[in-house]
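Data first, discussion second: the structure below is written as structure tokens.
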Amino acid sequence: MRTRFAAIALAVFVTGLVAIVVVFALNRRTKHTAAVAPVATTTPSTEIATSTTTPTTTPLASTTTNLGQAGLDKTDLLERTQPFVQVLPRETSHYKVDYRAFPDRSITLQITLYAILNNERQLPAYEATLRQYKQEALDWIRSQNQDPASFSITYNPPEAATA
């Protein structure tokens, strides 16, 4: 089995003629160790101290642990019951389709349309652009084998709901 190893220089403190380099060694199967090594120098140094690691059987904290397995399980369940969320968010220069999930595993689609209204003289063109961008978003949803009518949809700007 291949393990990953990375050494990361976190900080270099220069005080007078001595630079102190702090290095953390990260290895999947070992404890995180730090090495602090003074490096005598009269000019900025690019030397990095070497560090050693100690094998351990203690599991390291993982993303699963940090996020909570229950949260990941809920996400997996949502993706199984609502596979459409796997392709979201979808954003173009005209619209963005995203979703909001609820505890009962239902989702509401959130469609943001990027039509621009600068002044009232542009209102007819703005409304036409809203209708066009809304149609493009709904057509994309249909292209994903989904029926927009089967979702609760929230529009931004709100006037797009009636466009």
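For the reader, a short list of remarks on this structure follows.
- Matching residues, the stretch 88-123, being exposed (fewer than 12 other Cβ atoms within 10 Å of the Cβ) and either within 15 Å of residue 160 (Cβ to Cβ) or among the hydrophobic types (A, V, I, L, M, F, W, C) (or both): 102, 116, 123
- Just one of the numbered conditions (1) at pLDDT 95 or above; (2) surrounded by 15 or more Cβ atoms within 10 Å (Cβ to Cβ); (3) assigned to a helix (DSSP H, G or I) is not true of residue 155: (3).
- Any hit, the stretch 109-122, residues being under 16 Å from residue 83 (Cα atoms) and assigned to a strand (DSSP E or B): yes
- Scanning the stretch 81-122 for residues that are without any contact (Cβ under 8 Å) to a residue 24 or more places away in the chain and of a type in the set (S, T, N, Q) gives 86, 93, 118, 119, 122.
- Hits in the stretch 124-138 - residues which are free of Cβ contacts under 8 Å to residues at least 24 places away in the same chain, surrounded by fewer than 17 Cβ atoms within 10 Å (Cβ to Cβ) and within 16 Å of residue 162 (Cβ to Cβ): 124, 128, 135
- Taken together, the residues in the stretch 139-152 that are in contact (Cβ under 8 Å) with a residue 24 or more places away in the chain and either among the aliphatic types (A, V, I, L, M) or assigned to a helix (DSSP H, G or I) (or both) amount to 3.
- Matching residues, the stretch 153-163, being closer than 25 Å to residue 87 by Cα and without any contact (Cβ under 8 Å) to a residue 40 or more places away in the chain: 158, 161
The values are calculated or read from the model by the stated rules, or taken from the named source; none is laboratory data. Just so it is clear, the model here is predicted, and its values are computed rather than measured. When we count neighbours, we look across all protein chains shown, and the Cβ atoms used for this are built from the backbone with ideal geometry, even at glycine.
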